[in-house]
Structure formats: structure tokens, C-alpha cells
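Here the structure comes first, spelled out in C-alpha cells, and everything after it is commentary.
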Amino acid sequence: MVDFADDTSTELERKAEALKWVALVEGVSYFGLAAFWLGGNKVGTVVFGSVHGWIFLAFAAMVLMIRRDMEWSWPFAIVGILAGPLGPALVYERIRRRGVPEHARRRTATPRARTA
């Protein structure tokens, strides 16, 4: 059976949607880690730091893999990865506002025949 058989979205649209949510989780995990660190909870910092690190690596890999198809510049991708909690917010907002480039979207509506 074909995956996404009834789905009208493209692979790029599905990747962008996944990246949007990973960016949100990355930003939240950054603040969670900061809360443990600023609160002086060493065990919480170590454990949550590990979790945040994995989420960050997934986020960075996804940004680098989708950058070309989304027509993002290298400076935007680098800022998105390295700008702390601001980076994931920028990536999330760009996907939310602009979405996938027009030429990469699947046309789901069938054209109607014109009648005179």
C-alpha cells in the first residue's frame, strides 16, 4: 500500500509541516533547559540538556535538508540554527506565513471545461 495515498499534499509540504512543529518544540525545550539551569537544578539541567540537545540536532538537520527546496538562503538557515530560541521562532514563522514555494505545491483542483 502506498503511503499518503489519499493525501493531497506534496512531500515538501509534509516536511515543512513537520519542521514547523519541531521548531516549536525546539524553542520550548530551550526555555525548559534555561529554567532548570537558572533554577540551579543540576540534575534537571543535565537530563533536560540531553533531551534539548537531541531536539536541537533534529531541528538543525531538518533545516539543512529542507533549505534548498524551500528556497531559503544560507544566512537564513545558519541564523535559524544558531540564534538560540530566536532561530526556531524565525523558522516557524517563515513556514507559517509563506509555506512551501508556489511551484512546489500540488495542484488538487481539476480545471473545469469552459462553456461559451
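Based on the mean of other Cβ atoms within 10 Å per residue, sort peptides 16-26, 55-65 so the most packed one is first. Could the numbers behind the result be given before it?
Numbers: 16-26: 18.7, 55-65: 16.8.
Descending packing order for the listed peptides: 16-26, 55-65.
Grab the beta carbon distance between T8 and S50, set R0 = 41 Å, and tell me the FRET efficiency rounded to 0.05.
Calculated transfer efficiency: 0.60.
Please compute the length gained on full extension between A34 and V79, using 0.36 nm multiplied by the number of residues separating them and subtracting their Cα-Cα distance. Could you put the intermediate results ahead of the total?
Details: separation 45, 0.36 × 45 = 16.20 nm, distance 1.98 nm.
Answer, rounded to one decimal: 14.2 nm.
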- Note on the structure: In whole Hz, the Karplus estimates of ³J(HN,Hα) for segment 70-83 (6.51, -1.76, 1.60; θ = phi - 60°; x where Gly or Pro) are 7, 6, 8, 6, 4, x, 5, 4, 5, 5, x, 7, 9, 8
- Query: What does the charge count near A77 come to, summing +1 for each Lys or Arg and -1 for each Asp or Glu among other residues with Cβ under 10 Å from its Cβ?
  - Reply: +2
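Please give me the summed charge of the neighbours of W21: other residues whose Cβ is under 15 Å from its Cβ, Lys and Arg +1, Asp and Glu -1.
Numbers: positive: R14, K15, K20, R94, R96; negative: E13, E17, E26, E93.
That sum, taken over residues with Cβ under 15 Å, equals +1.
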- Query: On the accessible surface of segment 1-99, probed at 1.4 Å, how many percent belong to carbon and sulfur atoms?
  - Reply: 67
- Message: Tell me the per residue accessible area of segment 1-94 using a 1.4 Å probe; a whole number in Å² is fine.
- Response: 63
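The values are calculated or read from the model by the stated rules, or taken from the named source; none is laboratory data. Everything numeric in this text was worked out from a predicted model, so none of it was measured. For neighbour counting, all protein chains shown are included, and Cβ atoms are generated from backbone atoms with ideal geometry for every residue, glycine included. We work out accessible area using only protein heavy atoms, side chains counted, and drop any ligands, DNA or RNA first. Shrake-Rupley method; radii C 1.70, N 1.55, O 1.52, S 1.80 Å.
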